[in-house]
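Student: Below: one structure in structure tokens.
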Amino acid sequence: MDRVIKLASQSAVVIFSKSTCCMCHAIKRLFYEQGVSPMVYELDEHIDGKEIERALMRAGCSKSVPAVFVGGKFVGSANDVLTFHLDGSLKRMLKDAGALWL
């Protein structure tokens, strides 16, 4: 889990994803459309992808991907991110993390 925390804190927004996951694609697109360039780790293309995925599951991610971190803190999976987007709190999180300046 230390590795996940270290990776998650290297950028204002970090998404652990899989290149073949449609929900991962939707979440990445949501961030890009907000003007945010997240650091994306495609676990199916990453040398330590399986290990990172197991760490995410042990940390309580109900589904391993997408796992979204904002400001180094775990925000949640696709459903959580979409909920925060719809209620407006995602934009505040992004501003507080320095990922969005509007």
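Student: Pull out the extension gain between ARG58 and TYR32, defined as 0.36 nm times the separation in residues minus the alpha carbon to alpha carbon distance; nm, one decimal.
Tutor: Once the chain is fully extended between ARG58 and TYR32, it gains 6.5 nm.
Student: Which value, in Å², gives the accessible area per residue of the chain when a 1.4 Å probe is used on the protein heavy atoms?
Tutor: Spelled out: the 1.4 Å probe surface of the chain, per residue, equals 57 Å².
Student: What is the percent carbon and sulfur in the accessible area of the chain, measuring with a 1.4 Å probe over the protein chains and ignoring ligands?
Tutor: 54
Student: How much net charge surrounds CYS61 when only other residues with a Cβ under 15 Å from its Cβ are counted (Lys, Arg +1; Asp, Glu -1)?
Tutor: So the environment of CYS61 carries a net charge of +4.
Student: Among residues other than ILE52 whose Cβ falls under 15 Å from its Cβ, what is the net charge (Lys/Arg +1, Asp/Glu -1)?
Tutor: Summing Lys/Arg as +1 and Asp/Glu as -1 gives 0.
Student: For the chain, calculate the relative contact order in percent as a whole number, restricting contacts to Cα pairs under 8 Å that are 6 or more residues apart.
Tutor: 33
The values are calculated or read from the model by the stated rules, or taken from the named source; none is laboratory data. Everything numeric here is computed off the predicted structure, so don't read it as measured data. Positions of Cβ are generated from backbone atoms using ideal geometry, with glycine treated the same way; all protein chains shown enter the neighbour counts. Just so you know, the surface numbers come from the protein's heavy atoms only, side chains and all, with ligands and any DNA or RNA stripped out. Shrake-Rupley method; radii C 1.70, N 1.55, O 1.52, S 1.80 Å.
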